[in-house]
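Below is one structure; the comments refer to it alone.
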Amino acid sequence: MQENIKLTQEQVIFLVFMATLGNIVYSHTWIDNDVDRAAWVATFIGILLVIPFAVWILYLGRNYPGSTIFDILEAGLGKMTCTVVSIIYILINIAVAVTMLNMFAELIKTFFNKYTPIWIIMLFLVLIAAMYISSGIKTFARAVEVVTILGLMNFFVSFIFAFPKYIHIEYIIPIFDTSLLGFIKGVLFITGAASESLLLLMVLVGFIPDSGKHYMWVVKGLVFFAIVFPAAILVIIMMLSPEMAKNIAFGGVNAAKIIQVEEFVRGLEVFIFGTYQFIAIGKTSCCLYCAWTTAKKMFNNWNPRLLLFLTALAILVPSI
Amino acid sequence: MLGLINGIAIILWHLASLESFGVPYLYPLVPFELEVVKDTFIRLGGLNKRLKLLAPFNRMRMGNGGIIHTKGKQDGE
């Protein structure tokens, strides 16, 4: 572990929140065919199912304070195994970041900047992500805390205007009009999507003071996400109907687009777009940080700035 | 719009990275401390405690140059 820094409870909660809030914001509609109106319930349960795995990671770090999972792996299974796992871990992080960048760039291209080349959007996002993590985990955690709160406020403030005119209770009742098998399929898909948070936790465990004792910090972060995210899905379904929600991409932006209160309150998709952008920056930063930290460990902390540049490049090039 | 949000994100990062004499610029909002937040907007109480961030184990301010507190301790109060 290069940095001897301990994070606070709020910082851990918001980092876990941001780490979970990755590609799930785009892929959650993929379960709609299987779970239909119960999408928000399946999402709630699916996210909660990640908790045992998260607690297990913290439990592993209990006897190795200040160490990441890779330090523990090296101590237990040797350097060779650790290197192989590290390479796979870096590749997964790059893949997650690349998907995130592509999804967000497509969102921008669809709704806002039709003529801007995608590589420019991605370049700026990767630059900001590199900037976020370049000054250490403490500053990164603080920035993520602010960005997450701002993003959440953006999202829910815009949907306040949807009440009560655009909210249709009949769209979510009856809730369980789906098969048990389809529901289980949806829950497992969401568990897989939410397990992105485990990637960050594998590194974050070294920065949580007495991780075995403070496992509730991570649990709180996941429960917080399990409440907020299904609430967002519920609002979208209540506005658009489950049939429409399953057939369109970027449901949040589309739902906000139809809100209009009198003459002046309209175009609220701009707020949702802000939220999506904060998520894209936060999630790309998380992936970049994970990949960079592991790369630093693999190369014995050799030239961190160069490694950061190369990791950022490894994310940017496949994205384009 | 893209540039505006990017700009906001950069400013937020800059604010989060600033520190003044060891106290983060955004404190007590980030890192969050409810006990201090209440004094950010309206001054409630006598402000007789030090910042938890700077003196986590010696919270009470001395007050009146420490004479009363020192005396009190010596008298066994």
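Every number here is computed from the coordinates shown, using simple stated rules; none is lab data. Bear in mind that the values here come from a model prediction, so they are computed numbers and not experimental data. Here Cβ is always computed from backbone atoms with ideal geometry, including for glycine, and neighbour counts include all displayed protein chains.
A few comments on the model shown:
- A compact globular protein would have a Cα radius of gyration near 2.2 N^0.38 Å; the ratio found for the protein assembly as shown is 1.08.
- Ratio Rg/Rh [Cα only; Rh per Kirkwood] for segment A:131-278: 1.02
- When you restrict to C-alpha pairs under 8 Å that are six or more residues apart and normalise by the size of segment B:2-61, the relative contact order lands at 18 percent.
- The count of lysine pairs in chain A that are at least 8 places apart or cross chains, and whose C-alpha atoms lie under 25 Å apart, stands at 28.
- Sequence-separation-based contact order of chain A, relative, with Cα cut under 8 Å and 6+ spacing, percent: 42
- Modelled label reach - B:VAL36, point 7 Å along Cα→Cβ, segment A:1-30 residues with backbone N closer than 15 Å: A:8-11
- Stretching the chain fully between A:ASP210 and A:MET244 yields a gain of 7.5 nm (0.36 nm per residue, less the alpha carbon separation).
- The helix-based estimate of mean residue ellipticity at 222 nm for chain A, built from -39,500 (n - 2.57) per DSSP H run of four or more residues and divided by its residue count, is -23500 deg cm²/dmol to the nearest 500.
- Of the DSSP H helices in chain A, those whose Cα atoms cover at least 20 Å axially and whose Kyte score averages 1.0 or more: A:79-111, A:118-134, A:137-160, A:180-194, A:215-240, A:304-319
- For the segment B:24-35, counting C-beta atoms of other chains within 10 Å of every residue's C-beta and taking the mean gives 4.
- Mean Cβ count within 10 Å, highest first, over the residues of peptides A:269-278, A:296-305: A:269-278, A:296-305
- With a Förster radius of 35 Å applied to the beta-carbon distance between B:MET1 and A:LEU91, the computed FRET efficiency rounds to 0.60.
- Net lengthening on full extension, A:ILE167/A:TRP302 (0.36 nm per residue, minus Cα-Cα): 43.0 nm
- Distance from the Cα centroid of segment A:267-320 to that of segment A:173-195 is 31 Å (rounded to whole angstrom).
- Put a dot 7 Å past the Cα of A:SER135, heading toward its Cβ, do the same for B:TYR25, and the two dots end up 0.7 nm apart.
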